[in-house]
Ligand SMILES: Cc1cc2nc3c(=O)[nH]c(=O)nc-3n(C[C@H](O)[C@H](O)[C@H](O)COP(=O)(O)O)c2cc1C
């Protein structure tokens, strides 16, 4: 069913999927599609544009996620992103935070389908890279399948070819963003149905996907899966996900090799003034579920924040992990 060259992606996550996190995830999974944190049009237009757009070439394939609701501003920012070399421009229509709502974008845009369609149209006119949307299955009382389908039909009319759907609705009042990622129930069947009703639309499913069997199951119904928290808290899941698409016996990095691959990056970043902890905070769960996981995490937590901390901290943390754990390049699918 998949029309994607590689149908697994890692979700945009504020404060989590920064460039250091993405570089680390890329060392694990060469082909998974990565998304930036949401970057608002206001920040790109008025803020530290160069820093906001900066990334390492190794991060490709890389999508930028924009937050905004003014078609011309979004078009301008999409063009900036394309010029910076991003492979895809994604519009956030799923975030329910108060800050985002006060800017009238994010999930509350699901109440303004015509505006979202105008945004997509304007962005598509400004760039040649794919323009995509990430949305929920509904917000507040506007949560029927008919309303979702109407929303999606408008986007198709505007030329949208690829939609990412977090398969739960959002409540715009009363729940924190975190609660809005857990409390509204997951309704995968709504997203499966979208794929049936809009077969030309590339549909990526997001929400609560946490293991390889689930990835394989969803990919029988939709074109792609997007992993958020599970990929962050157990990054080796991406390696296991990749195994679904690789020839058996394809060469694979061990965890120790992943750490080694990070060292030149760490050195280059430290020279530019990045602190070690800004990078290692994303690597704490590399050994999740394996012997040595606690010793690794603890050593990094206790040492990476020091002013003088350098790449040796990573080497010393690795030395606390049993050699066979570091060398293991596979994991059981159940693990
Ligand atoms: C810390 C955190 C930050 C997030 N930030 C964003 C964001 O910037 N843009 C966005 O579209 N979704 C954001 N999300 C939502 C995720 O992209 C994803 O839709 C959600 O976590 C559900 O997927 P999961 O169950 O696989 O985690 C965030 C989620 C988390 C946990």
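Quick look at the values:
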read-out: Out of 33, 5, 26, sole residue that is in contact (Cβ under 8 Å) with a residue 40 or more places away in the chain and either within 15 Å of the ligand (Cβ to nearest atom) or closer than 24 Å to residue 204 by Cα (or both); value: 33
read-out: Residue match in the range 23-40 (condition: closer than 21 Å to residue 133 by Cα, in a helix (DSSP H, G or I) and touching a strand residue (DSSP E or B) at 6+ places or on another chain (Cβ under 8 Å)); value: no
read-out: Out of 231, 240, 261, sole residue that is in contact with a helix residue (DSSP H, G or I) (Cβ under 8 Å, 6 or more places away or on another chain), modelled with pLDDT under 95 and buried (at least 16 other Cβ atoms within 10 Å of the Cβ); value: 240
read-out: Residues being near the ligand (Cβ under 6 Å from one of its atoms) and not in a helix (DSSP H, G or I) - total across the range 220-230; value: 2
read-out: Condition check for residue 284: outside the structural domain of residue 211 (by TED's automatic domain parsing), free of Cβ contacts under 8 Å to residues at least 24 places away in the same chain and within 21 Å of the chain's Cα centre (by Cα); value: yes
read-out: Strands (runs of 3 or more DSSP E) wholly inside the range 127-219 that include at least 3 residues being surrounded by fewer than 21 Cβ atoms within 10 Å (Cβ to Cβ) and either outside the structural domain of residue 232 (by TED's automatic domain parsing) or free of Cβ contacts under 8 Å to residues at least 24 places away in the same chain (or both); value: none
read-out: Subset of the range 55-73 [in a loop (DSSP other than H, G, I, E, B) and under 12 Å from the mean Cα position of the chain (by Cα)]; value: 61
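The values are calculated or read from the model by the stated rules, or taken from the named source; none is laboratory data. Predicted model, so just to flag it, every value in this text is computed and none were measured. When we count neighbours, we look across all protein chains shown, and the Cβ atoms used for this are built from the backbone with ideal geometry, even at glycine.
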